[in-house]
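Notes follow the structure.
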Ligand code: IVH
């Protein structure tokens, strides 16, 4: 039996090792042990902490998963006021800044240029090498105490390395989310029927202010440090101190470059602007700081910002242009999306002609009118959006936009559910874009994978009245398709061109449809396009209920008990099966030979993973997100999207989110690398 002293020593040793490994993983991105080894250490520490709870340190690496709930964040006064930076978009103002500095302190100084990280600023206080408190900027004088939440951010050290740090100091930086982390988070939000975040910055600040730190722990937050304040700092300048911070375990970015002249500064600004889109995180400019503290004192501060620093902001990827008209698009679910037609304008290197206006509420909130000059912006998303209207340029006769009341495609009166922003065309049955959209979704790669049809061919079949719904595909005959033609008006010379289905095309199409009858039930279910039922949920439902007949009769109350199924999804599934038309389509599909139950054996290459549930996450070298699921299934395994007690392995790729890792560690799920996985399947 281990006595208390042995336990204390071992706990200290494990804590030290785990902190080191965390640092190598989250700060340096250079792990030296396998995830499995890490996991074993963590498990040992957890066990010891359970056996000797009095020895458990509140800063133990086992505590990174959060758990504390904060109802109202306590207001804390900043020891040093949290100033902001004066900023500029103009080169001339930067030249003026340089001239002012030279006039005040002469030419004997250096600039330090850094990236301007686009996140939420945070102030951390360390005492005796331990993180004491984390406070948001607030109004600069006092902010919210978000310590419990910040402690879940793995790249922020809870204990510092070495011994050379000052006994007490404040360090500031930016909490942010990488583009990849943000994309993953939004993906899972959409899958769960939650609203996605607008951009990485909003999602970082939203995450930081959550009440449940265990939830914060699941968000892919990261933190760069760029400013240290205190009485006994080791050096007399910013640059060397930050390098020292790095050696104490802080994530200090490598983007720190000393410059002697404003010319050098400009060339950095230009260089970094070019590379900006390739960075894994978002930046909105460059921060230029004078290096020496003595010169900070000479230059002083204004009420709001220091005179020894300035931020040069990259032109927000924004432009102003005229709104010419609004189109209304009908999606496969019948959702109506208003789309702005703009006077073409150059924005971040591409010409923008259209922008999403999302829904009637947004149009109303913006009070945007036809003929208005509007600002368009490229945020974290690909489709630009209208962010504001320039009222000073509004044409005298511009009238508020009246949202359409009838479907632009089929004329049906639109509906809008209580509490929902989106208008819908309820004519699922015969509204052309809904029919086409549903069938396109059904034949898409991740569903039935009928790649011999495609949008153009499908349109021809719909126009000829051969298909109205997905079940009709399976009744198509050679004679119906052969000779089916379409006249295309050629562009320039306006010569007409005819395409018509010949023998080879028809056989291809029919073979593609025939082959799809082997596609597994989960994909069929996904292909039906039930609202909120994405691939993961479809797979969950298929594995849980096994066959369509079971799923058809399931109640809302039962459904919400299934892992990953929330109220929105459950309601949508129940609704779907209440429709007689949908049941009819499903019965026809079944009679045509489409898979309506999960066969025990999915297409297999081996049974090396038989009975194993594997979660793959992060970027893999040899497989796309889709491929890996396929490969797991082909070897008899079950791919899953979230780590649970039923998970056998977590296959960790590059940049895997910390939440999955922690969950796996918590549950004792072995974490394997891509190489180890390939070893397992004998590749
Ligand atoms: S230094 C007194 N350095 O930009 C100067 N700020 O208004 C303290 N920011 O609130 C800030 N990257 O949130 C500094 N490399 C960087 C930065 C940076 C982003 C943010 C920070 C600050 C705001 C400026």
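The values are calculated or read from the model by the stated rules, or taken from the named source; none is laboratory data. None of these values were measured; they are calculated from a predicted model. Reconstructed Cβ throughout: ideal geometry from the backbone, glycine too, with neighbour counts over all protein chains shown.
Restricting attention to the stretch 300-316, and to residues there that are in a loop (DSSP other than H, G, I, E, B), modelled with pLDDT of 90 or more and surrounded by 14 or more Cβ atoms within 10 Å (Cβ to Cβ), which single residue is nearest to the ligand (Cβ to nearest atom)? Checking each candidate, the answer is 305. Return yes or no: is residue 609 farther than 28 Å from residue 683 by Cβ and in a loop (DSSP other than H, G, I, E, B)? The answer is no for residue 609. Taken over the stretch 634-659, the residue count meeting the criterion of being assigned to a helix (DSSP H, G or I) and touching a helix residue (DSSP H, G or I) at 6+ places or on another chain (Cβ under 9 Å) is 2.
With respect to the conditions (1) away from the ligand (no atom under 16 Å from the Cβ); (2) out of contact with any strand residue (DSSP E or B) (no Cβ under 8 Å at 6 or more places or on another chain); (3) assigned to a loop (DSSP other than H, G, I, E, B), residue 263 falls short on a single one, namely (3).
Within the stretch 425-447, the residues that satisfy the criterion of being over 26 Å from residue 523 (Cβ atoms) and crowded, with 18+ Cβ neighbours inside 10 Å are 425, 427. Evaluate the following for residue 282: is it at negative phi and within 16 Å of the ligand (Cβ to nearest atom)? When the stated conditions are applied, residue 282 passes them. Of the residues making up the stretch 346-357, those that are modelled with pLDDT of 90 or more and surrounded by fewer than 18 Cβ atoms within 10 Å (Cβ to Cβ) are 353, 354.
At least 1 residues being under 23 Å from residue 645 (Cβ atoms) and at pLDDT below 90 is the threshold, and among the helices (runs of 4 or more DSSP H) wholly inside the stretch 506-581 those reaching it are 535-545.
Residues that are under 23 Å from the mean Cα position of the chain (by Cα) and closer than 25 Å to residue 534 by Cβ number at least 3 in none of the strands (runs of 3 or more DSSP E) confined to the stretch 317-361. I'd like to check something: does the stretch 79-91 contain any residue that is within 28 Å of residue 661 (Cβ to Cβ) and either surrounded by fewer than 16 Cβ atoms within 10 Å (Cβ to Cβ) or in contact (Cβ under 8 Å) with a residue 12 or more places away in the chain (or both)? No, every residue in the stretch 79-91 fails to be within 28 Å of residue 661 (Cβ to Cβ) and either surrounded by fewer than 16 Cβ atoms within 10 Å (Cβ to Cβ) or in contact (Cβ under 8 Å) with a residue 12 or more places away in the chain (or both). Within the stretch 415-432, the set of residues being out of contact with any strand residue (DSSP E or B) (no Cβ under 8 Å at 6 or more places or on another chain) and in contact (Cβ under 8 Å) with a residue 24 or more places away in the chain comprises 421, 427, 428, 429, 430, 432. Quickly run through the stretch 21-60 and pick out the residues that are closer than 16 Å to residue 159 by Cβ, without any contact (Cβ under 8 Å) to a residue 60 or more places away in the chain and under 28 Å from the mean Cα position of the chain (by Cα). Answer for the stretch 21-60, where residues must be closer than 16 Å to residue 159 by Cβ, without any contact (Cβ under 8 Å) to a residue 60 or more places away in the chain and under 28 Å from the mean Cα position of the chain (by Cα): 21, 24.
Conditions (1) closer than 30 Å to residue 675 by Cα; (2) modelled with pLDDT of 90 or more; (3) in contact with a helix residue (DSSP H, G or I) (Cβ under 6 Å, 6 or more places away or on another chain), marked per residue:
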| site | (1), (2), (3) |
| --- | --- |
| 7 | no, yes, yes |
| 52 | no, yes, yes |
| 56 | no, no, yes |
| 69 | no, no, no |
| 78 | no, yes, no |
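Selection of the stretch 665-683 for residues being in a helix (DSSP H, G or I) and touching a helix residue (DSSP H, G or I) at 6+ places or on another chain (Cβ under 7 Å) yields 665, 666.
Residue count for the stretch 58-109 under the criterion of being away from the ligand (no atom under 16 Å from the Cβ) and not in a helix (DSSP H, G or I): the result is 20. Scanning the stretch 96-123 for residues that are out of contact with any helix residue (DSSP H, G or I) (no Cβ under 7 Å at 6 or more places or on another chain) and farther than 16 Å from residue 309 by Cβ returns 103, 106, 107, 108, 123.
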